[in-house]
Each structure stands twice: as C-alpha cells, then as structure tokens.
Amino acid sequence: MSDRPLGPPDGDVAGILAALAASGTLTELYGREPTGRLDPSLLRRILGEADAHGTQGTVLALLVQLATATPLLAEAADSPATSRLLRAARDGEELLALAATDAASAGSDLAALGTTVDLSDPGGDLVLDGGKRWVTSALTAGHALVLARHRPGRHFTSFTWVLVPLTAPGVTVRPADTELFQGAGLGHVDFHSVRLPREYVLGRPGRGLALFARHMAVERLASAAWAVELCRRVVADTARRLATRTVDGTPLRQSPSVRQRLAGCAVRISALDALWNQSADRIAARYDATAAATLKALSGMTVEHVLTECGHLQGADGFERDGVQRLRAEAAVFGIGGGTTEVVLDTVAERLDQVLGGPTR
Ligand SMILES: Cc1cc2nc3c(=O)[nH]c(=O)nc-3n(C[C@H](O)[C@H](O)[C@H](O)COP(=O)(O)OP(=O)(O)OC[C@H]3O[C@@H](n4cnc5c(N)ncnc54)[C@H](O)[C@@H]3O)c2cc1C
C-alpha cells in the first residue's frame, strides 16, 4: 500500500468515492472481483484520512458505503440489475444507503421490523411496504439496500434484503430533522406498494439477517478504526490548546491533573487501537461477531470518555461553531449507530467465557 493521498481532502462523499476509484484504491480495497471481503488496514487508512479532512457526516456516509453496503451487495448480487449496481459502486459511481432501522420498531429489536416484501406475485414482481428511519445517505444515494420481512414472526430466516431505487414510484424520502452530521444525507424513507422486478431481491430470501450480521461486524470494525483516529485528533487538539492557555503563568497543559486526564484518554485510545489490531483480521476475514461486539462496546465507551474529557478541558471555546461540543454530540453516535452499547454488551455477555479467554481460544 503506497503512502499517496487517497482522495480530495474536502470533497463530498460522491467526490471522494470517484477519487478513490480513479486512484485504484477501491480495487485495492475489494479486489478486482469484489466478493464481500475487504482489506481492513486500507479501509482504516481511508477513514483516517477522511476524518482528518472531512465532516463527521461525510465520514459516516463513506463508512456505510465502503464497510457495509458495497460488501453486502458484493456478497448477495446475483442478477443483472444487482450486479450492474455493484460494478457502479466498485467504480465509485454509485452511492448506496443501507436501511435496516425500521419505522415500526426499536432499532435494537431488528427481528420486530415491520417493513414487508411480498414475493408471492405470480407475475414475478416484488412489492415493498413500510418505512425506514435514520438512514445515512438517504437524501444523496441512488439506491438503498432495504431489510424487509417476507414472512411474519421473529425467526432468523424471515428476512430478505431488497435493492430499491430511491426514485421508484411509491418511495418517499424525507430529510431527518437535525443540524448534525452535515454531508451524511440523513433521512427517513417510506415505501408504499413499491413494485420492482424480482431480480431486485438480494440473494436468497431468508438470508437477510445472516448477511446483516456478517457485514455489521465489519461496520463495527470500521467504526472502531474511525473512533481511534477521531479520539487521537481530539486529544492532540485539546493538548495544543491547553499549552497556550495559562493559569497563574503556567500553561494548563502542565497542570498535573490536566496531564493525567489527557494521559487517561491516551491510555484508553491505545487500548482500543490494540484491540482493533488484534481483532481486525478475524472480523474482516471470518466476520467474528463476538470480536466485533467487544470492539464496538469498547469503542463506544472510549469515545464517550474522551469527548467528555476533552469537551470539558476546552472550556467555553468548545462551544464555538464546529467546536468540540458539537463534535461530542455527533460522536455519541459511536454508542448508538450500528448497535447501541447495551446491545453489543448483551452479545459480549452471552459469550463471556470466550471474551475472557482471549482471542486464541
Ligand atoms: C447518525 C445516525 C446514522 C444512522 N444511520 C443508519 C443507517 O444508515 N441505516 C440504518 O439502518 N440505521 C441507521 N441509524 C440508526 C441506528 O442504527 C439506530 O439508531 C440504532 O440501531 C438504535 O436504534 P434506535 O435509535 O431505535 O434506539 P432504540 O433501539 O429505541 O434504543 C434506545 C435506547 O434504549 C437502550 N437500549 C436499547 N436496547 C437495549 C438493551 N438490549 N438493553 C438495555 N438498553 C437498551 C439504549 O440506551 C438505546 O440507546 C443511524 C443512527 C444515527 C444516529
């Protein structure tokens, strides 16, 4: 992997994807024929560069596209329409949304989702009804991968992914009512009798949750990589600011209690980084759900601690436009999006012996 810059520093997500494709980085990330697997170190580098130069919203959209939507599509695309879209995503020409969180249920209870896909039409069409909320890139993507149920009940095999053009008749997209996450294209999507050819079903019906679990593991890996980069940047910025602010002639950066608090942040970030390095290959190659849940839990807790400490240490200046307090509000998503800290801790609790036993057992 070369050290050349990966994309334009300040572009929107579509511009960054086009630049990543033009430089060959997307091919390097997925291989020439994407199968659903990716190079975790390269993904981390891309997100790190995006974090250094872009808004949090842009990084979020990039993360969903690169870590989750494109790999899921790569694993499931088996028709001319879905394969065409995969090629467009690989070539940096198509931004995708991934819509799992349902309008009819708590995001933490995926098996209760209410969006339905009717596959019984004798003419071979599918019909989609329901709604999704808090979808990254809903306003900017051309298509969404939508998790729906093809039969009632909570059974693992009742769910199916459908590829939905966001301009199809019956699809309505509304912006999410938030001032946060600029560049993420956050929105809510409603489906009213959306009729599509059967080839828009992604993979075999019933594989929805299995695919979700595999690719959500990689999203958790990616978001932990982003968390490390973001926290490092915030602590370094906070230390710099405190070096120039004095109390009784001494820079605050030299205050013993400030030094310890910054050190406490650095130790937590180092622990997250070490766990990331330890688990990256097993998550990226084997979709290890326990390792991904452990990493996601630590990442949510680390970001919360670091942003709270640094927000406090930056004093009133932290409340400036685009200051650390806004970043802190956005960074709370590390403990919510892609599975709340409580949900991933539930997974860890179920596999406590395995987690305590370490990675080699
Ligand atoms: C910026 C942003 C971007 C997002 N992008 C996407 C996207 O692209 N696609 C998508 O599908 N979704 C997306 N989401 C939605 C996200 O995945 C959900 O918010 C998440 O799954 C939590 O669901 P919820 O918000 O409905 O919270 P709920 O499930 O209603 O949970 C609310 C709170 O209840 C508590 N809780 C939940 N479960 C438990 C439990 N088991 N034990 C104890 N306490 C619990 C937690 O404190 C939790 O925060 C996004 C969200 C945000 C904020």
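So that you can scan it fast, the table gives a plain yes or no per residue for (1) free of Cβ contacts under 8 Å to residues at least 60 places away in the same chain; (2) within 18 Å of ILE46 (Cα to Cα); (3) in contact with a Pro (Cβ under 8 Å, 6 or more places away or on another chain); (4) in the same structural domain as GLY54 (by TED's automatic domain parsing):
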{"position": "CYS231", "(1), (2), (3), (4)": "no, yes, no, no"}
{"position": "VAL234", "(1), (2), (3), (4)": "no, no, no, no"}
{"position": "VAL258", "(1), (2), (3), (4)": "yes, no, no, no"}
{"position": "GLY264", "(1), (2), (3), (4)": "yes, no, no, no"}
- prompt: Pick from the stretch 174-203 the residues that are free of Cβ contacts under 8 Å to residues at least 40 places away in the same chain and not β-branched (Val, Ile, Thr): which of them is farthest from the ligand (Cβ to nearest atom)?
  reply: ARG174
query: Does VAL267 meet the test of being touching a Leu at 6+ places or on another chain (Cβ under 8 Å) and either assigned to a helix (DSSP H, G or I) or at negative phi (or both)?
result: no
- prompt: Looking at the stretch 76-98, which of the residues that are surrounded by 19 or more Cβ atoms within 10 Å (Cβ to Cβ) and of a type in the set (D, E, K, R) is farthest from ALA225 (Cα to Cα)?
  reply: GLU94
Complete set of residues in the stretch 249-259 that are surrounded by 11 or more Cβ atoms within 10 Å (Cβ to Cβ) and in a helix (DSSP H, G or I): LEU252, ARG253, GLN254, VAL258, ARG259
task: Answer yes or no as to whether ARG204 is among the basic types (Lys, Arg) and either farther than 30 Å from GLY48 by Cα or touching a strand residue (DSSP E or B) at 6+ places or on another chain (Cβ under 6 Å) (or both).
output: yes
- request: Answer yes if at least one residue in the stretch 23-35 is in contact (Cβ under 8 Å) with a residue 40 or more places away in the chain and under 30 Å from ARG328 (Cβ atoms), and no otherwise.
  value: no
task: Answer yes or no as to whether ARG245 is within 16 Å of the ligand (Cβ to nearest atom), surrounded by fewer than 21 Cβ atoms within 10 Å (Cβ to Cβ), at pLDDT 95 or above and over 27 Å from LEU209 (Cα atoms).
output: no
- prompt: Which of the residues that make up the stretch 99-118 are buried (at least 21 other Cβ atoms within 10 Å of the Cβ) and away from the ligand (no atom under 15 Å from the Cβ)?
  reply: VAL117
Helices (runs of 4 or more DSSP H) enclosed by the stretch 284-361 - at least 1 residues per element that are in contact with a Gly (Cβ under 9 Å, 6 or more places away or on another chain): 289-313, 324-331, 341-350
field: Subset of the stretch 119-170 [more than 16 Å from the ligand (Cβ to nearest atom) and either aliphatic (A, V, I, L, M) or within 22 Å of HIS188 (Cβ to Cβ) (or both)]
entry: LEU119, LEU126, VAL127, ASP129, PRO165, THR167, ALA168, PRO169, GLY170
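In the stretch 7-52, which residue that is among the hydroxyl-bearing types (Ser, Thr, Tyr) and at pLDDT 95 or above is farthest from THR68 (Cα to Cα)?
Looking at the filtered set, the residue picked out is SER23.
Out of LEU295, LEU275, LEU313, report the one residue that is of a type in the set (A, V, I, L, M, F, W, C), touching a helix residue (DSSP H, G or I) at 6+ places or on another chain (Cβ under 8 Å) and more than 30 Å from GLY36 (Cα to Cα). Outline the logic, then answer.
Details: LEU295 fails: more than 30 Å from GLY36 (Cα to Cα); LEU275 fails: more than 30 Å from GLY36 (Cα to Cα).
Being of a type in the set (A, V, I, L, M, F, W, C), touching a helix residue (DSSP H, G or I) at 6+ places or on another chain (Cβ under 8 Å) and more than 30 Å from GLY36 (Cα to Cα) holds for just one of LEU295, LEU275, LEU313, which is LEU313.
The values are calculated or read from the model by the stated rules, or taken from the named source; none is laboratory data. If you're wondering where the values come from, they're calculated on a predicted model, not measured in any experiment. No Cβ is skipped: glycine too gets one built from the backbone with ideal geometry, and neighbour counts run over all protein chains shown.
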